[in-house]
Amino acid sequence: MTDLTVNNEMEAHALDWIATQQKIMQQDLWTLAEINSGSYHVEGVNKVADTLAQWSQKLDCEVEFIDLPPHDVVDDSGQLNQKPLGRALRLFKRPQAPTQVFLCAHMDTVFPIDHPFQKISHLEDDIINGPGVADLKGGIVVMFKALEAFERSPLQHQLGWEILFNPDEEIGSPSSAKLFPEIAQRHHLGLIYEPSFADGNLAGARKGSGNFSVVTRGKAAHAGREHHLGRNAIRAMADFTCALDDLNGQQPGITINPGFVKGGGAVNIVPDTCTMRFNIRIEDSQQQAWCEDKIATILADINAVDGISIELHGGFGRQPKVLSEANQTLCKLVQSCGQSLGLSLEFLPTGGCCDGNNLAAAGLPNIDTLGVQGGKIHSADEYMHLSSLTTRSQLSALILLRLAQSEDLVWLQREGMVRASC
């Protein structure tokens, strides 16, 4: 039996059982990580969903696939196209139990089907390199094993749970985000399996984020004979980009990043189209309003130029995550569980965003970095600590067990919470 500081024999048995599952978890991780599931690789994302649906048999739960609408994307030529997305997968059990917990993990990665980064390799005995091993397929394995452990306990009937595996988080959850407000109404709290920070600590408050595309249109003309008849879309985009970037530093906490630009072709033709994409990070809703007002002014100025038009697409898809009193209480519970495992966990603010932002905006307190310990995510150097499969599964199992056996969950009571008949 484990010699860690736990409340009772039941918790000790759960943690000991998880410790016997390390090799199985590693095998499961290899299975998931070597399925390419770039956000727009629908076949790969759906293969991950099918795999998880098979794994769910161990949990004896209800299974539902959810078709999502396509994602509107402005392509490099400035045209608005629809890109299909994979299916979401929903698992749920005991929706009428007194405590309801929502768990969430995304199936997609940032690595498309043609990216060279497709396989797992060992860097050290305990460290592997591979696509999505930290973000977020290791977290999926952690979640499943924690739930398996919980379902083996005599407390299982005290707590119901629901999982959403979404296919589009890495592109901002443009379609699956619409599911979160209703989900939030059915639950007391959320657990999300993004990777922890490289040092093992967890994310607390998060900035909000907006993704935008902008297209300038002018008039093509021969660059030698009739240059004066042309209207240069690249110059118009340069004016917009400079004015946009000049907003950086004017408000503390706001960062604006022009990240992609494409326009023109042959240099003897005045370019008539240019496309640019940019991201904004904010700390509160007032900053969002300030950014929207400033951008509207810049757009109006450029649209006033003879022969030039500019159009904006996109918006703020994720609101800032501010830690409510209930969320702070949940953080203390997680820290207490961590202490029982010998983990000293701090909650640190971050400029990064995830579905924890969406849940917080819908009023659901949540912890959103319960996945594995790793780093250098979104790059071919992504890595994770294999041993964290066990420790983080134990952490989540302990959270679920203590929620189920707690007699004082007043802080979980949410106004307007709806008990869904799933």
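Observations
- GluC sites (Glu not before Pro), loop per DSSP, at most 10 other Cβ atoms within 10 Å - longest free stretch of the chain: 1-406
- Taking label points 7 Å from Cα along the Cα-to-Cβ direction, residue 178 and residue 222 give a separation of 5.0 nm.
- Working note: Cα atoms of the stretch 210-293, range along each principal axis, descending, whole Å: 51, 18, 16.
- For the stretch 236-377, the extents of the C-alpha atoms along the principal axes are 69, 31, 25 Å, listed from largest to smallest.
- Principal-axis analysis of the Cα atoms of the chain puts helix 388-405 at an angle of about 70° to the longest axis.
- Expected 222 nm ellipticity per residue - DSSP helices of 4 or more, -39500 (n - 2.57), all of the chain, to 500: -10000 deg cm²/dmol
- Principal axis box of the stretch 1-119, alpha-carbon based, largest edge first, Å: 63, 38, 24
- Which of 78, 54, 92, positive extreme of dipole for the stretch 40-129 (C-beta unit charges): 92
- Compactness of the stretch 106-261, taken as the C-alpha radius of gyration over 2.2 N^0.38 Å, stands at 1.56.
- Taking 161, 290, 30 as the candidate residues, the one with maximal mean-square fluctuation in a Gaussian network model of the chain, Cα springs under 10 Å, is 290.
- Available extension along the chain between residue 245 and residue 16 is 77.1 nm, counting 0.36 nm per residue and deducting the alpha carbon span.
- When the alpha carbon gyration tensor of the stretch 145-195 is reduced to an equivalent ellipsoid, its three semi-axes come out at 25, 14, 8 angstrom, largest first.
- Computed from the C-beta positions of residue 31 and residue 305 and an R0 of 56 Å, the FRET efficiency is 0.50 to the nearest 0.05.
- Amide proton proximity set for residue 314, modelled H, under 5 Å, gap of 5+: 213
- The structure shown yields Rg/Rh (Cα atoms, Kirkwood Rh), and of the options (i) 0.98; (ii) 0.94; (iii) 1.03 that calculated value carries the label (iii).
- A 1.4 Å probe run over the chain, with the rest of the protein chains in place, finds 43 Å² accessible per residue.
- Residue of 109, 51, 369 that the Gaussian network model of the chain assigns the largest fluctuation, springs spanning Cα pairs under 10 Å: 51
- For the chain, the Cβ-based charge dipole about the Cα centre amounts to some 480 debye (Lys, Arg positive; Asp, Glu negative; other atoms uncharged).
- By average C-beta atoms within 10 angstrom, highest first, the peptides 79-91, 246-258: 79-91, 246-258
- Of 168, 306, 60, the one that fluctuates the most in a GNM where the chain has Cα springs shorter than 10 Å: 306
- Applying 1/(1 + (r/R0)^6) with R0 = 22 Å to the Cβ-Cβ distance of residue 81 and residue 238 gives a FRET efficiency near 0.30.
- Between residue 297 and residue 329, the simple label model (points 7 Å from Cα in the Cβ direction) yields a spacing of 4.4 nm.
- Heavy-atom accessible surface of the stretch 228-341: percent carbon and sulfur, 1.4 Å: 50
- Ligands, DNA and RNA left out, the accessible area of the stretch 57-137 computed with a 1.4 Å probe is 50% carbon and sulfur.
- Accessible area in the full protein assembly, largest first, 1.4 Å probe, for 106, 228: 228, 106
The values are calculated or read from the model by the stated rules, or taken from the named source; none is laboratory data. Not measured: the values here are computed from a predicted model. Here Cβ is always computed from backbone atoms with ideal geometry, including for glycine, and neighbour counts include all displayed protein chains. Quick note on the areas: whole protein, heavy atoms, side chains included, nothing else; ligands and nucleic acids left out. Shrake-Rupley method; radii C 1.70, N 1.55, O 1.52, S 1.80 Å.
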